[in-house]
Structures are given as C-alpha cells and as structure tokens.
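J.: Quick one: the structure is below, and I'll ask about it shortly.
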Amino acid sequence: MNMTALLEVTVGGVAVGCVYSLLALGYSMIIRASGIIHFAQGEVMMLGSMCGLSALWVAPSLHPALVLLVGMLAGGALAGAMELLVYRTLRRRGVPLVSIITATVGFSIFLMNAARLGWGSEPLRYPDMFRGAVEVSGIRISPQLLWVAASGFVIMVALQIFLSKTRPGLAMQAVAQDPDAAQLMGVNLSRSMAATFAVAGAMAGAAGVMLGSLFFSFFEMGFITGLKAFVAATLGGLGSIGGAMLGGILFGLIETFGAVFISSAYKDAIGMMLLIAILLVLPQGLAGLWRRLR
Amino acid sequence: MLSVKGLVAGYGDVTCLRGVSLEVGAGEVVTLIGANGAGKSTTLRAISGLLRAREGGIWFDGQSLAGMTPDRIAAQGLVHVPEGRRIFPELTVEENLRVGGHARRRATEMRDGLEAAYHRFPRLKDRHRQRAGTLSGGEQQMLAFGRAMMARPRLLMLDEPTLGLAPLMVVEVARAVRAFRAEGITILLVEQNANLALGLADRGYVMETGRIVAQGAAASLLRDPDVRASYLGAGARSEPQHVGASTLEGNPP
C-alpha cells in the first residue's frame, strides 16, 4: 500500500467515522439523560438524509452548509417530537424502560416504511456538491470526504461549546447526571429532556446528510449504520460524550481498514464481532479505560 | 413564610409521613431533628416537590405549592439542598454554580452571582475549573451551598449538611448557616447532629416515625429530658456528643 492509498483510506475512515461519531453522540446523550437506548436513531439519520436530498432537488444550488442545516432541523424536530409525544407519555404512565426501548424499535421500523412510502425503495444519489479534488503535497483527496470530515469536526466542537458554555447545554448535562438535583436548581425536566432528544436528533440528521453525500440515501440506510454507531458508542463507553466522538472515528477507521486489508464483504461482521469483543474485554469502553488509567 | 399542614406522603405502598405539620417564619432558623428513618428527608422532598404529597397542603408565602414541579417551586425562592450534597460530579465547580444560576438569564446576573459565591467560599474560586467529583466532602458541601445561593433562595432547606464531614468542616458548615441567616435567608435545617442543630436554630421540631412528636424553642428542647435522652445522648457528658454548639463557639483547633 503506497502513501496515496494510505492517506485516502485514512481520510475515508475518518469521514465515515465522523458519521458514526455524530450518531453515537445521540445514543450516548439520550441514554445518559433518560436510560433509553434509542434504536430509532438510525432512522432519524435516514430521514435527515432524505430531507437534505429533497432540499437539493428543490434548490440544486443550495450551499452544502444549508443542506446540512436542513438535515439537522429535520432530525431534531423528529426526535424532539418522538420524545414529547410518545416517550414522555410512556414514562409518565410508569411504563418500564425495557418496554420504552421496545417502542423505539417499533419507531425504527415504522419510520423505515414511512420513508419507503415517501421516497421509494431505490437508492437515491446525492448530486455532487463538490467537484474537483484537493491536492495535499501531490496526493489527491476527494473533496467530498474532506467536507464530511470537516463538517463533522465543526459540529462536534460546536456541541461541546453548547454543552459546557450555554444555559440549556449545562442544564442538559445536569439532568443527565442528577435529574433530582437539577430540578431543585430550577431546571425544567421535561423541557430539558426534549431538548436532549432534539439535539441528539440534529446530530443524527447531520450524519444523514454527510453519509448520503458520500454514498446515497436509501430507506434502509439507517438500520445497519445505526447499529454500527451503537457499537461505536459502546466502544467509547455508553453515555460518555468524548467517548462517543472518539469511538465513532476509531470505529470508522477500523472498519475502513478492515475492508481494505481483510475483506469488504465482511466489514459489517467485523464491526459486530468488535461489539462482542468490547463487551467482553472493555465493558465500560474507552471512557472506562481512561478512568481506570487516570 | 412556609406552612405545612397534615402532610401525608410515601414511596409506593410505604407511608413515611403520617400527618406532618410545621411552620417556618420569615428570618427564622428552624430545625427538624429525629432518628434515622423518622421521615425528615422525606418531609423536605415533599416540600420541594420531588415527592408528591398524598394528603395535606404546603404553602409558601401564602401560595399553595400543590401540584407544582420542583423547578417551579425552586423559582419561588424555596431552595432545597438535598442530602448527600448531590453536586454534579462531572461538571466543573464553576459549571455547577452556573446550573444553580439557571434562573439568572442575563450574563451580568450570572457574573454577580458567581462573584458572591466565590467571595463567600474562596476555596471554590481556587478550584473553579476542577471537576466537582474530585473535591473533598467538605468542599462539595461548600459547592452545594454556593450552588444553592446562585438560585437566589429566600428559604433554604438544608438536609444533613454535616453528614460524613470532618469536625473542622462541621465548624465551616455552622459558620455558613450563620452567614445565610445574617443575610436574611430563612432556614429549615434537617440534622442528625441534634446538638449542633439546636445550637444554630431558634426553634425545633422532633420527628419520630413520620410524625412530629415535640416542638418548641431550641433552648428548651436542649433542656428537655426526653429529647436529651433520645437525641443528645443521655447524660450528654461524653466528649464526642458535645461537638455541637459548645465547641462551635470556641476556637477551631
């Protein structure tokens, strides 16, 4: 493998990894705040992808950042509505957590079929939002990959700033760590919980636009990607924000290099074996390892 | 200022409070003492809205708190510092304080609040970027106090603020309670260290198995033979039992 190929694969792995990171962040934020494993997260991503694509159909010259924003708004609105209309009601009625998690699987299947109805069952190509290639010291890199990786980093940095510097962001963190104490400090629990779902959904929507622009949009795209992002979140340590970011990128690299060096036909299997291995060896993920070493 | 009448509450099938009534007047320091499991913490949880009352009523400044969520009750100025301090361990000291100042929407209000908290507890300023979970027990208690100050309390409910603290930190806690009072903040103090609590309070209530069994001026409760026998250690001559009021007035070691 020469330098050019190595760089290409690495950038590709990081770009796909950013998609996993954004999705994994959503899983982690939601599980921390509510205890729910949100299995419909992949479908929120898929619908973000579809909405971004539809925006491009309507306005072909739309700036990529705005396409991303459309995906984020769609994902955020969808996940926020799911929490407000369904999960919150289930919680208030004292439905056990396991049953609520089952409901998220139901949502996943429902949304997949709804998308099939709306956008059809054929994979839909995103128009090229970028042309040409970027050259880094003589090595050509696809601008699509760079765009995806850069957007991923920008969104993750923005999320960090939101969570640690703003009033609603700090309230969300407080609710995740100790909901009773947060309420005693004047934080409205249901508002903060809905905000958590909305932000997690926005991350997923962005991931959808990014993944769609790399490959295509497809009503089933959220299923396996969502599962893999869940593996990434577990790799990072479920519930850990930093862990989710790192886990996603690491998982993207492992998968991409695995496809190149082992076999691309088995890359999904490699990912799932990794999940079992992590659970056996590192049940707390990278975040747990970091805590132990410190 | 705070008026609780016939409060009945519990968890699931277990009834912990069987008709609790108490009053806290503006500017007073009132203590609620009693053995472990008597229902002191449950009473505070019901007042702050974390636990729904089954019967009875709670009024703050004449307004009924029935059905209000904890965040709305806190917004009225009735702030509860729960047992075990319950700081946010993964947030920094300053982020904890900012969460306490959730109602301070303007940047200047937040800054003033932070300044006041750091002035009161200079230790927090030294550690403002440190994760709260890495603080010592005493520092965490100071952070819990500082965080509650950020919420602009008019009445502070303190649940076991000295639990598990070294004697020197107990002195600090007592000093902080006196400072709150000097600022005009009304206090409802729950303590297992009855000596300390009655030393700080104007009046006291004694709780037993979900009921108020005695009440009166703190000084007279301190002299009451039953209270002495049950909560102050009969005879109360042995050194450890006297950590409270008397030592506190003296010089810290």
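The values are calculated or read from the model by the stated rules, or taken from the named source; none is laboratory data. What you see is a predicted model; the values in this text were computed from it and never measured. Cβ placement follows ideal geometry from the backbone for every residue including glycine, while neighbour counts extend to all protein chains displayed.
J.: Which residues, taken from segment B:132-156, are away from every other protein chain (no Cβ under 12 Å), touching a residue at least 60 places away in the same chain (Cβ under 8 Å) and farther than 14 Å from B:Phe88 by Cα?
T.: Hits for segment B:132-156 are B:Arg154, B:Leu155.
J.: Among residues belonging to segment B:83-93 that are touching a helix residue (DSSP H, G or I) at 6+ places or on another chain (Cβ under 7 Å) and surrounded by fewer than 20 Cβ atoms within 10 Å (Cβ to Cβ), point out the one that is farthest from the other protein chains (Cβ to nearest Cβ).
T.: Within segment B:83-93, the match that is farthest from the other protein chains (Cβ to nearest Cβ) is B:Glu83.
J.: Is it the case that segment B:216-228 has a residue that's closer than 16 Å to B:Gly27 by Cα and either in contact with a Cys (Cβ under 6 Å, 6 or more places away or on another chain) or in a helix (DSSP H, G or I) (or both)?
T.: Yes, there is a match, as at least one residue in segment B:216-228 is closer than 16 Å to B:Gly27 by Cα and either in contact with a Cys (Cβ under 6 Å, 6 or more places away or on another chain) or in a helix (DSSP H, G or I) (or both).
J.: Same structure again: I'm told B:Thr108 meets every condition in (1) modelled with pLDDT of 95 or more; (2) more than 9 Å from every other protein chain (Cβ to nearest Cβ); (3) out of contact with any Gly (no Cβ under 9 Å at 6 or more places or on another chain) except one. Can you identify the failing condition by its number?
T.: Tallying (1) modelled with pLDDT of 95 or more; (2) more than 9 Å from every other protein chain (Cβ to nearest Cβ); (3) out of contact with any Gly (no Cβ under 9 Å at 6 or more places or on another chain), B:Thr108 fails exactly one: (1).
J.: Still on this structure: Taking the stated definitions as given, is A:Ala198 farther than 30 Å from A:Glu8 by Cα, crowded, with 17+ Cβ neighbours inside 10 Å, within 14 Å of chain B (Cβ to nearest Cβ) and touching a residue at least 60 places away in the same chain (Cβ under 8 Å)?
T.: When the stated conditions are applied, A:Ala198 does not pass them.
J.: Would segment B:55-75 turn up any residue that is within 13 Å of chain A (Cβ to nearest Cβ), touching an Asp or Glu at 6+ places or on another chain (Cβ under 9 Å) and without any contact (Cβ under 8 Å) to a residue 24 or more places away in the chain?
T.: yes
J.: Has segment A:209-219 got any residue that is more than 21 Å from A:Ile109 (Cβ to Cβ) and small (Gly, Ala, Ser)?
T.: yes
J.: May I pose another question? Those residues that are more than 23 Å from A:Met172 (Cα to Cα) and touching a Lys or Arg at 6+ places or on another chain (Cβ under 6 Å), I need them from segment B:95-138; list them, please.
T.: Listed by number, the list holds a single entry, B:Tyr118.
J.: So, one more: Which ones in segment A:258-294 are out of contact with any helix residue (DSSP H, G or I) (no Cβ under 7 Å at 6 or more places or on another chain), in a helix (DSSP H, G or I) and of a type in the set (Gly, Ala, Ser)?
T.: Across segment A:258-294, the qualifying residues are A:Ser264, A:Ala265, A:Ala269, A:Ala277, A:Gly288.
J.: Which of the residues spanning segment A:150-190 are in a helix (DSSP H, G or I), within 9 Å of chain B (Cβ to nearest Cβ), within 30 Å of B:Arg52 (Cα to Cα) and of a type outside the set (A, V, I, L, M, F, W, C)?
T.: Across segment A:150-190, the qualifying residues are A:Arg167, A:Gln173, A:Gln177, A:Asp180, A:Gln183, A:Ser190.
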